[in-house]
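Below is one structure, written out as structure tokens, with a few remarks after it.
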Amino acid sequence: MQPADFGWSDLGTWGSLWEKRERCEQGNTVVGEQVHVFESSNCIVNMPRDKKVVIQGLDDYIVVEDNETLLICKKEEEQRIKEFRAAVLN
């Protein structure tokens, strides 16, 4: 795994990131040195290097921390991320 620092809108779509990144046999792509994923598939996980994270039982989710805000949403709802982010910033 390689650490990376991506903002919520820097890559176009999280789905395109998922398609381009290396995935485990369950289809998860994980950025973060202390992320542990159990019984989950096809998820995108992007956490700060020092954040300890355990994810269990998620399928097709985006799990991202950016500027101390945690986002957990279904990949099929990724077009709403700007809406979710705006709600947090207000």
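The values are calculated or read from the model by the stated rules, or taken from the named source; none is laboratory data. Computed from a prediction, not measured in an experiment: that's the story for all the values here. Ideal geometry is used to build each Cβ from the backbone, glycine not excepted, and the neighbour counts take in all protein chains shown.
Looking for whichever is modelled with pLDDT under 90 and either in contact with a Leu (Cβ under 9 Å, 6 or more places away or on another chain) or within 20 Å of Thr13 (Cβ to Cβ) (or both) here; the options are Asp50, Asp60, Asp66. Which one fits?
Result of the check over Asp50, Asp60, Asp66: Asp66.
Any residue in the range 70-90 that is touching a residue at least 24 places away in the same chain (Cβ under 8 Å) sitting within a Cβ distance under 8 Å of a residue that is among the acidic types (Asp, Glu)? List the pairs, counting only those 6 or more apart or interchain.
Leu71/Glu65; Lys75/Asp60
Among the residues of the range 36-49, which ones are touching a residue at least 24 places away in the same chain (Cβ under 8 Å) and either assigned to a helix (DSSP H, G or I) or surrounded by fewer than 15 Cβ atoms within 10 Å (Cβ to Cβ) (or both)?
Passing the criteria: only Arg49.
In the range 1-38, what residues are out of contact with any Asp or Glu (no Cβ under 9 Å at 6 or more places or on another chain), more than 22 Å from Val54 (Cβ to Cβ) and modelled with pLDDT of 50 or more?
Residues satisfying the conditions are Leu11, Gly12, Ser16, Glu19, Lys20.
Would you check which residues across the range 50-90 are among the charged types (D, E, K, R), assigned to a loop (DSSP other than H, G, I, E, B) and closer than 16 Å to Thr29 by Cβ and list them?
Asp60
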